[in-house]
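Shown next, in C-alpha cells, is the structure this report addresses.
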Amino acid sequence: MADADADALREGGVPNRLSASTGTAGEAVLPARTPAPLTPPPSATPPPVGEERVMTLVDHLSELRRRIFICVGAVVAGSVIGFIFVGRIIAILRQPLGVGLDGLPRKLIFLSPGEAFFVEVKLALVVGIVLAMPVLLYELWQFISPGLTQNERRISRPWVPVALVFFLIGVTVAWFVLPYAITFLLGFESADIQATITLDSYFGFVGTLFLAFGLTMEFPIVLVLLSKVGILSSQRLASSRRIVILGIAIFAAVVTPGGDLVSPLVLGGVMYILYELSIRLVKMGGR
C-alpha cells in the first residue's frame, strides 16, 4: 500500500524524498538525489558563426593597422635622417655625370620653383625606406607568419634577412653599372647637341635603376621558396630555360630606364646567373 502511494506521488511530480521510516521490512530507504542538469561551461558554448567571422576580421584589421603604423613611423624616422644628409647624398649620386665637353663638372638644373625641394623630399623618402627595411621585413613577417603552417614558417624564416642582403647587393651592382650607363647615354653629346639634365629626370633614372636591380636580386629567393612548398622543381626549371631566357631579355629591356645598352645587358646577365644559381640551390634542397 505504501509503495502504491509513493508511485502516485512520484507521478504527480512530488520529489522522491522518502524518510527512513517509510521503508519496508525494517529497511531504511535512502533519500534519492535529483541529478543536476547537464549544462556546458560558459567557455564551451561556441559563439555564433557570423559573430566569430566579424571578430576574426576585426582582429586582423587591428593587427594590420598597428603594424602599418609601426612601418610608417620607421620610414618617417629614416626619412628625417635622409633629409639631414640629402646634400651629401646628391653630391655622391651626381658623380657618375662626370664632366662636359667644356671640361667642367656637369650641372643639374630644375625648371620649376618647387622641383629641387620635392626631389630632396623624394630622396629622403627613399633613404628612409632603405633604412627602415629591416623593420618593414620584420613587421611583414610577423603579420603573415600566423597564417603559415609550422613547416612553412621553419622554411621561410631564414630567408627574411637574406632578402634584405640580396636587395642591398642589387643596389650595389646598380651603383657600379650607373657610370657606364650614363657614359653611354651622354656619349651622343656634341658641340651642337649639349645635354641639359634636370634634377627630377636624373634622380628618377637613378632611383629606377637601383630599384630594378634591388628587386631583381630577390629572384632566386622566390624560386627557392616556391620549390620548398612543392610548386617548382629543379627539373622543371631546367626544362624551362629557353622560355626564361626570353622572358629575362624582355624584362631587362622594359624595366631598365634610359634606353642604354649597358643596363639591360648587365641586368639580364645578373638575372640569368641568379636563375642558374636557383636551379643549383633547388637541386641541393632535394627538389
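The values are calculated or read from the model by the stated rules, or taken from the named source; none is laboratory data. Please read these numbers as outputs of a predicted model, since none were measured by experiment. All Cβ positions, glycine included, derive from the backbone under ideal geometry; neighbour counts span all protein chains shown.
Give me a count of the residues in region 172-205 that are surrounded by fewer than 14 Cβ atoms within 10 Å (Cβ to Cβ), closer than 19 Å to Asp102 by Cβ and out of contact with any Gly (no Cβ under 9 Å at 6 or more places or on another chain).
Counting residues in region 172-205 that are surrounded by fewer than 14 Cβ atoms within 10 Å (Cβ to Cβ), closer than 19 Å to Asp102 by Cβ and out of contact with any Gly (no Cβ under 9 Å at 6 or more places or on another chain) gives 7.
So, in region 206-217, exactly how many residues are within 18 Å of the chain's Cα centre (by Cα) and either surrounded by fewer than 17 Cβ atoms within 10 Å (Cβ to Cβ) or modelled with pLDDT of 85 or more (or both)?
Count: 1.
Checking the condition assigned to a helix (DSSP H, G or I) and either in contact (Cβ under 8 Å) with a residue 60 or more places away in the chain or buried (at least 18 other Cβ atoms within 10 Å of the Cβ) (or both), which residue from Val80, Val127 passes? Step through it out loud before you land on a result.
Values: Val80 fails: either in contact (Cβ under 8 Å) with a residue 60 or more places away in the chain or buried (at least 18 other Cβ atoms within 10 Å of the Cβ) (or both).
From the options Val80, Val127, the qualifying one is Val127.
Check region 54-66 and report whether any residue there is over 25 Å from Ala174 (Cα atoms), under 21 Å from the mean Cα position of the chain (by Cα) and in contact (Cβ under 8 Å) with a residue 24 or more places away in the chain.
So far as region 54-66 goes, yes, one or more of its residues are over 25 Å from Ala174 (Cα atoms), under 21 Å from the mean Cα position of the chain (by Cα) and in contact (Cβ under 8 Å) with a residue 24 or more places away in the chain.
Enumerate the pairs (first residue in region 100-111 and over 14 Å from Ser201 (Cα atoms) and in contact (Cβ under 8 Å) with a residue 24 or more places away in the chain; second residue anywhere and exposed (fewer than 11 other Cβ atoms within 10 Å of the Cβ) and basic (Lys, Arg)) with beta-carbon separation below 9 Å, excluding pairs fewer than 6 apart on the same chain, so at least 6 apart or on different chains.
Pairs that qualify, where the first residue is over 14 Å from Ser201 (Cα atoms) and in contact (Cβ under 8 Å) with a residue 24 or more places away in the chain and the partner is exposed (fewer than 11 other Cβ atoms within 10 Å of the Cβ) and basic (Lys, Arg), are Gly100/Lys107.
Working only within region 77-125, note down all residues that are among the aromatic types (Phe, Trp, Tyr) and either closer than 17 Å to Leu178 by Cβ or over 32 Å from the mean Cα position of the chain (by Cα) (or both).
Phe110
Tell me, yes or no, whether region 96-110 has at least one residue that is surrounded by 12 or more Cβ atoms within 10 Å (Cβ to Cβ), of a type in the set (Phe, Trp, Tyr) and part of a helix (DSSP H, G or I).
no
So, in region 165-192, of the ones that are of a type outside the set (A, V, I, L, M, F, W, C) and assigned to a helix (DSSP H, G or I), which residue ends up nearest to Thr216 (Cα to Cα)?
This residue is Gly170.
Scanning region 131-159 for residues that are outside any helix (DSSP H, G or I) and not polar (S, T, N, Q), which turns out surrounded by the fewest Cβ atoms within 10 Å (Cβ to Cβ)? Write out each step before concluding.
Start the filter on region 131-159 by keeping residues that are outside any helix (DSSP H, G or I), which leaves 132, 148-149, 157-158.
In the following step, the residues that additionally are not polar (S, T, N, Q) were identified as 132, 148, 157-158.
Details: Ala132: 22, Leu148: 15, Arg157: 12, Pro158: 8.
So the residue we want is Pro158.
When only residues in region 220-260 that are modelled with pLDDT under 75 and over 24 Å from the mean Cα position of the chain (by Cα) count, which is nearest to Ile155 (Cα to Cα)?
Here the answer is Ser234.
Quick check, is Met284 closer than 22 Å to Phe176 by Cα and not hydroxyl-bearing (Ser, Thr, Tyr)? Break it down into steps so the answer makes sense when it comes.
On the way: closer than 22 Å to Phe176 by Cα: no; not hydroxyl-bearing (Ser, Thr, Tyr): yes.
So Met284 fails the test.
Return the residues of region 267-286 that are in contact (Cβ under 8 Å) with a residue 24 or more places away in the chain, farther than 20 Å from Phe167 by Cβ and among the hydrophobic types (A, V, I, L, M, F, W, C); say none if nothing qualifies.
Of everything in region 267-286, those that are in contact (Cβ under 8 Å) with a residue 24 or more places away in the chain, farther than 20 Å from Phe167 by Cβ and among the hydrophobic types (A, V, I, L, M, F, W, C) turn out to be Ile279, Val282.
Go through region 193-219 and report how many residues are under 22 Å from Met271 (Cβ atoms) and of a type outside the set (Asp, Glu). Lay out the reasoning, then the answer.
Going through region 193-219, the residues under 22 Å from Met271 (Cβ atoms) turn out to be 205-219.
Still in the running and of a type outside the set (Asp, Glu): 205-217, 219.
Number satisfying all stated conditions: 14.
Go through the residues of region 188-195 one by one and say whether even a single one is among the hydroxyl-bearing types (Ser, Thr, Tyr) and touching a strand residue (DSSP E or B) at 6+ places or on another chain (Cβ under 9 Å). Talk me through it step by step, then tell me what you get.
Step one: of region 188-195, the residues among the hydroxyl-bearing types (Ser, Thr, Tyr) are 190.
In the following step, the residues that additionally are touching a strand residue (DSSP E or B) at 6+ places or on another chain (Cβ under 9 Å) were identified as none.
No; the residues of region 188-195 include none that is among the hydroxyl-bearing types (Ser, Thr, Tyr) and touching a strand residue (DSSP E or B) at 6+ places or on another chain (Cβ under 9 Å).
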